[in-house]
Structures are given as C-alpha cells and as structure tokens.
1. Would you mind classifying region 145-258 by shape? Square roots of the alpha carbon gyration tensor eigenvalues, ordered a ≥ b ≥ c; an a/c under 1.5 is rounded, otherwise it is prolate if a/b is larger than b/c and oblate if not.
2. Using a cut-off of 15 Å between beta-carbons, work out the net charge of the residues near E249 (Lys and Arg +1, Asp and Glu -1, E249 not included).
3. Distance cut-off 32 Å, Cα to Cα: go down the list K273/K339; K213/K339; K169/K213; K273/K306; K224/K339; K316/K339 and report the pairs above it.
4. Can you pull out the trypsin sites (Lys or Arg not before Pro) in region 286-383 whose DSSP state is coil and whose Cβ has at most 15 other Cβ atoms within 10 Å?
5. Set the Förster distance to 60 Å, then compute FRET efficiency between H263 and E184 from the Cβ-Cβ distance, nearest 0.05.
6. Less than 12 Å Cβ to Cβ from W303, Lys/Arg counted +1 and Asp/Glu -1: what total charge do the surrounding residues give?
7. For region 196-309, just say rounded, prolate or oblate: build the C-alpha gyration tensor, square-root its eigenvalues into a ≥ b ≥ c, call rounded for a/c under 1.5, and beyond that prolate if a/b exceeds b/c, oblate if not.
8. Stretch E209-A255 to full length: gain in nm at 0.36 nm per residue minus the Cα-Cα span?
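What follows draws every value from the coordinates through simple rules; no lab data is involved. As the structure is a prediction and not an experimental result, all values here were calculated from the model. As a convention, Cβ positions derive from the backbone with ideal geometry for all residues, glycine included, and neighbour counts pool all protein chains shown.
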Amino acid sequence: MNRISIKLASFFLGIVLASTALSFVAVSLLSRQVADEIALYQKELAQAIQELRDKTSLSVDDIATIMSTSTYAVRHVEFVDPDGIDPDDLLSLQEDRIVPLREGRLRGTTTLLRLGESYISIGLHPQQSVLNIMASRLWSSLVLYVVIAAALILVLTNRVVHPVLQLTKATQQVAKGDFAVQIETHRDDEIGQLTSNFNQMVRQLREIEYLRKDFISNVSHEIKTPLASIQGFAKLLQHEGISEAERAEYTGIIAAEAGRLSHLSSAMLRLSKLESLNSIEDQAVFALDEQIRRSIVVLEPQWNLKGLRFNIDLAKTQVSGNEELLQQVWLNLLGNAIKFSPEGERIDVELRRKADSVEVAIRDYGIGIQEEDLPRIFEKFFQVDRAHSGKGSGLGLSLVRRIIELHGGDVGVESGSGKGATFTTTLPAALPATPSV
C-alpha cells in the first residue's frame, strides 16, 4: 500500500527539485541574457560617445559626465595597461574601435574606446552587478513560480481533501439512516483503505438493519399467533353454553400458548444476553461425555414415547467451559433429533477426541433439511418444518451457535431432504488426549 505520507513527501520533494532545476535554468539563461544586454548597451553608449565627440567640442571629462547613467559609469582613463588586454583587442583599440572586455558572466562587460590621446571606460557602477540586474528581473519569474507551486499544492490538497469530504458527506447520509451509500475509490493509500473500510461498514450496517427488521417482523409474528389463540379461546370461555370438557380443552390450550410465550421470551432474553457477551465466565473443567449422557437421560420421556433407539459412542473427554450453557447445547440438538425422527428410528451420538479439540456429532434419520435451507438453519426464528413451527421458538439453533462461538468452537450441519441431519460441534479440548489402554 502506498502510504499517503510517502506520497506527500515525494510530492513536496518533487516541487523542491523542480523549483531548483527551474531556478538553475532561469539563472543560467537570464545571466547570459543580461550579460549580452550589458555588452550591447555599452556598445551603443560607446557609439553615442564617439558621435558626440565628432559633433561637439566637449572635453573627454564632460563627455564622461554627460554619458554616465544610474547603471553605467563612464570614466576618463589616461592610461590603459597593455598587460591586461589581449593583443588583438589592444590593436583594435589603437585603431579607434570599440573593444568589449568580458570579465565573467556575473561581473559583466567593460567597454573601452579611444578618444584622441585619452580613453573612455564604460562599466557598471560599483553598486551594480549582473546579479542585481537579474534580481530585479527575477521578481516576475518568482511570482510565476509561486503561482505554479500554489497550483500544484492546490491540486494535491484537493486530491487529499476531496475523498475526506466525500467520507464526511457519506457519514452524514449514514447517520440519517441511508445504508445504501457507497464511495467509489481506486486509491491504494490510507485514504483508499479508509474508504474501503467505510464501504464495508455500511454494508454490514445494511445487513444488520435488514436483520433487525426481519427480527422485529418474526418476533411480531411469533407473539401474534399465541396471543390470537389465547384471545380466541378466552372469548369462547365466556360463553355460558360450553361443556366442562370444552372448558378444560380451551383452558389447556390457553395454558399451552401462555407457556409458549413464556418460552419464547425466555429464549429471546437468553440469546440477547449471550450476544452481548465477548467471553464466557464461570468456566470449569468437566467430563463432556458424562454431560452428554445426562442430557440423553433428561430427554428420556420424549424419545421413549416415540420408541427411539440411541447408538452412543462417547470417548472419555474433558473440556473447559460453562456447564449450564453447554448442557443447553446438547438438549437443543438432541431435542431436535428426537422431534424430527420417525417412531422406532435410531439416533447416533458420537464424541471424538482429536489432538487439541473434541468433536460431537449428533445424527438423526428423519426428514432432513432442504439444501436451500442449510445456509439459514442457524438464523433467528428460522424453522425448516412449518408443520412443527408451533412446537418451538425458532431460536434453539441460534442459541447453540452463539454458545459454541463463545467457547471458541464451531458448529455445522450436513443434510439433505429425506436423508436426516448430522450436527457436528467442535470445541477446544481442556487436557491432552489420553492414550488408549
């Protein structure tokens, strides 16, 4: 991932390097241009001095005074040292030609010419230099550089700020309940990662909102049905002409529906409490095989009524967890196996010990689960068999999954229509496996 700090540092380093390169090029070009302009101006000034000498009777000192400017100093020179001048330039000077003497790009040019027996020197004033002239001209270039730098910084700032503004706007939409908002991004820096995480968060919120609405709808439906039964049979009890047998039947139905409501509310409260937990307290090490045996014994009235048989293979195993909650898991899974098994059928219960985990498999040979229902089997209020929907809350498997998750385990199901169902639960083992004797 490209870090935005690296991008910013690279961008500003690029600006510095570009500015340095531009400055170097500008100084080189401008210094050459200024030096050429100085030489040209001095030549024109020298030609004007020659013309002034030919047309007037002014002395050399007067001409020097008149032709001096704020930038250029025109001096009367009595003697020119031949050692400091190239022989060709000295010859040109003796022939009354204008001779420019280059003293370097930054020092400029000094122009010499002869007026009779005297010489005129034209050069920059001591307080002037090529650099001073360049500085006065660089102000306009400096303004241009500042404008370019400001434009580049504005582009960078917009690139950084624009997605932040998008996130701010999208956050406001989410705060108003709009969970359909998504921000398109192709960045691979921190802002791109933040945007991707925001999109993922909104998708999860949308799913949670859907589940919340579905939960409310299911709760309303589950409560509405027994309440309608209670209300209907309560009205029937108010009729004076009903028999004692009918009265007893109606009273029994009302009691059953009230019990169903009580069971539903208890299951909802229990599931809500478990979903708010991050870990399980009150854990202890206990024999899992013995707990499963006790669960089968507790449910004996139910499986004995249907003439069911159990094929039990339980390895001696210990786990660490909350005994009461795990007991609820086996009661739920075994209860479902009993409920959906035909009379006289068999239920297999197997407990296997692995290196660092234990696996409990409970298999029935009942009606099974449709393939399209398998992904939803652990959802709240989801029931695969509507014929039995009045006999449960639809929260049992949701409780099972949450309890197992809190114990650091996993639960899954394998099934097919008419092939029965196998629920496999995996839990961390408490102690190393004991070798077989």
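1. Working: a/c = 10.96, a/b = 5.88, b/c = 1.86.
Prolate shape, in that a/c is at least 1.5 and a/b is the bigger ratio.
2. Net charge around E249: -1.
3. Numbers: K273/K339 27 Å; K213/K339 30 Å; K169/K213 26 Å; K273/K306 34 Å; K224/K339 24 Å; K316/K339 28 Å.
The answer is K273/K306.
4. Working: sites: R293, R294, K306, R309, K316, K339, R346, R352, R353, K354, R363, R376, K380; in loops: K306, K316, K354, K380.
Passing sites in region 286-383 are K306, K316, K354.
5. Details: r = 48 Å, r/R0 = 0.81.
FRET efficiency, H263 to E184: 0.80.
6. On the way: positive: K306, R309, K339, R346; negative: E300, E343, E345, D364.
For residues surrounding W303, the net value is 0.
7. Numbers: a/c = 3.20, a/b = 1.31, b/c = 2.44.
Note, shape of region 196-309 comes out oblate.
8. On the way: separation 46, 0.36 × 46 = 16.56 nm, distance 3.49 nm.
Taking 0.36 nm per residue and subtracting the Cα distance, the gain is 13.1 nm.
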